[in-house]
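Colleague: My structure is below; once you've seen it, I'll send some questions.
Readers should treat all values here as calculations from the given coordinates under stated rules, not as data from a laboratory. This structure is a prediction, so every number in the text was calculated from the model and none was measured. Methodologically, a virtual Cβ is constructed for each residue, glycine included, from the backbone with ideal geometry; neighbour enumeration extends over all protein chains shown.
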Amino acid sequence: MLPIKIGVAALVSGLLLSACVPNDAYVNPWNPWGTTTYPPATPTPVTYVDVYKYQGSRQCEGGGVPLAEMQRQLQAGGAIVTASSCGMDGRMYPAFCGGADGKINIFTVTSNSMNAALAQGFTPLNSLPEAQKTQCYTNNNSGSTTYPYTGGR
């Protein structure tokens, strides 16, 4: 009879003590009365977004901001850049010297960095559905990133 009483007493005390544990919380068995800790959250997956900005170059003149320089500016503004490339906006422009040429610099940034990129004047690449990434070339005269048809003077 004594073992049954001990078993019942253990069962009742276990039930009463289990009411002290907060819902959905993990209590450290080595510190049961300390602050409640929750299990670590699962990290959210990192997503990437392509953004672009016009180089500022002109037909017959070249110029504009090189890809590497624009990337440094973007990173200095707090954006995390994972890839970069040259590109064209896919629009047609009338052919005359000094006119726009549609050259853009494209950067892949983390979605967390999107606001930093937007604050610096960058635009999401999906707003230019005709845009294409192109091969970057180096002009031997100036060392800046240009396209094959932009000649140095």
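Colleague: Distance in nm between label sites at Val8 and Ala83, each 7 Å beyond Cα in the beta-carbon direction?
Modeller: Those two pseudo-labels are separated by 7.2 nm.
Colleague: Taking only C-alpha pairs under 8 Å that are 6+ residues apart, what is the relative contact order of the range 48-146 in percent?
Modeller: Value for the range 48-146: 38 percent.
Colleague: What is the spread of the Cα atoms of the range 48-146 along each of their three principal axes, largest first, in whole Å?
Modeller: Here the spans come out as 40, 29, 22 Å, largest first.
Colleague: Only counting other Cβ atoms within 10 Å, I'd like Leu125, Leu118, Leu74, Leu11 sorted with the fewest neighbours first.
Modeller: Leu11, Leu118, Leu125, Leu74
Colleague: Pro124: net charge of surrounding residues, Cβ under 14 Å, Lys/Arg +1, Asp/Glu -1, itself excluded?
Modeller: -1
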